[in-house]
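The structure appears right after this line, and notes come after that.
The values are calculated or read from the model by the stated rules, or taken from the named source; none is laboratory data. Quick caveat: nothing in here was measured; it's all calculated off a predicted structure. Neighbour counts are summed over all protein chains in view; Cβ atoms, including those assigned to glycine, are modelled from backbone coordinates with ideal geometry. Keep in mind that these areas ignore ligands, DNA and RNA; they rest on the heavy atoms of the full protein, side chains included. Shrake-Rupley method; radii C 1.70, N 1.55, O 1.52, S 1.80 Å.
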Amino acid sequence: MVDYLSTTRLLSYIWGFEVLNEPVTSSASDLGFLKSFTESVVNSVLAPRMSHNQVVVLQPGPANDKIAAYEAYNLLSNVTYIFDLHEYICFSNPLYLTTMEDVIASVKSSFGDDRGITKWQYFVGEWSMASTDCAEYLNGAWGGFDPNYYKNQHQNRNTFMCNKIDQVRGGELAGFQTCSSIVGVDMNVAWGHCSTAGREVEYKTYKESMCNLFSTYINAITSNTKNIGFSFWTYLTGDNQRRIQQWDFSWLVENGIISNLANPPTPEECKAKF
């Protein structure tokens, strides 16, 4: 692939190459294979073909738990290495069952953590505004994927976790579970969750909380001097009828939740905005 890119002049447009995304290891032999694979790919394939301004990206597993292992590998020193950390709170039981204030506190305490990196810098390659686990929809519930599969694997999780307003978890609104396909309604109408009649205060609180959560993420991610940036997962989750707002960067921008990445709003500004 690298040779092909070189012949088509596309290589000059590429910032870096990620060796392997979210490697999962369950045994010593897995760890040994990961070491030999990474060293071979970097030292024999990438390093001889890369220009001086390109980087090798190392993703240390879904839990970011292979940083020390990667830093101990025998990798060529004339290459720039960057860690790609994936940071989510929505898969952490029981965070999705707590209040938004608890979620924001968790982000403040964990997202500025460099996970013990000592040798290289890192960027947050994946994060989202999701504080509930909607993986069943992200993984293709509308394209033939069985939405019950994911739920059946996680019976301890709330079956209706995608059908809630996060701010009212623990005191959910009556009838929310019976709203037809809440994630399938037009997300550009009345915040997208069923009817807002009589719920205006709750929706305002929810939007303020999401705005505060956005600012907390950005401030936490960029506070560490080893961090060089971030990218959101994902840009677009579907058409207007099937957009999952907390995972949909474009929707969050369109609706004013995400704004001014360089200078995110304060809690007072979030309150005034909504």
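Overview of results
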read-out: Some residue of the range 32-55 being within 30 Å of Trp247 (Cβ to Cβ), assigned to a strand (DSSP E or B) and open to solvent by less than 30 Å² (accessible area, probe 1.4 Å); value: yes
read-out: Check on Asn21, open to solvent by 30 Å² or more (accessible area, probe 1.4 Å) and farther than 19 Å from Glu126 by Cβ; value: no
read-out: Of all residues in the range 254-274 being in a helix (DSSP H, G or I) and of a type in the set (A, V, I, L, M, F, W, C), the one that is surrounded by the most Cβ atoms within 10 Å (Cβ to Cβ); value: Cys270
read-out: Single residue of the range 1-22 satisfying the filter (among the charged types (D, E, K, R) and in contact (Cβ under 8 Å) with a residue 60 or more places away in the chain) that is nearest to His52 (Cα to Cα); value: Glu18
read-out: Unmet criterion (only one of (1) at pLDDT 90 or above; (2) surrounded by fewer than 20 Cβ atoms within 10 Å (Cβ to Cβ); (3) at negative phi) for Leu85; value: (2)
read-out: Residue satisfying all of: in the range 230-248; out of contact with any helix residue (DSSP H, G or I) (no Cβ under 8 Å at 6 or more places or on another chain) and modelled with pLDDT of 70 or more; surrounded by the fewest Cβ atoms within 10 Å (Cβ to Cβ) among these; value: Ser231
read-out: Single unsatisfied condition, Lys108 versus (1) among the basic types (Lys, Arg); (2) within 30 Å of Cys211 (Cα to Cα); (3) in contact with a strand residue (DSSP E or B) (Cβ under 9 Å, 6 or more places away or on another chain); value: (3)
read-out: Test: Ala220 is out of contact with any Cys (no Cβ under 7 Å at 6 or more places or on another chain), modelled with pLDDT of 75 or more and assigned to a helix (DSSP H, G or I); value: yes
read-out: Inter-residue pairs, beta-carbon under 7 Å, first surrounded by 21 or more Cβ atoms within 10 Å (Cβ to Cβ) and in the range 59-73, second aromatic (Phe, Trp, Tyr) and not in a loop (DSSP other than H, G, I, E, B), 6+ apart; value: Pro60/Tyr70; Pro60/Phe83; Ile67/Phe83
read-out: Of residues in the range 103-126 being modelled with pLDDT under 90 and either of a type in the set (A, V, I, L, M, F, W, C) or more than 18 Å from the chain's Cα centre (by Cα) (or both), the one surrounded by the fewest Cβ atoms within 10 Å (Cβ to Cβ); value: Ala105
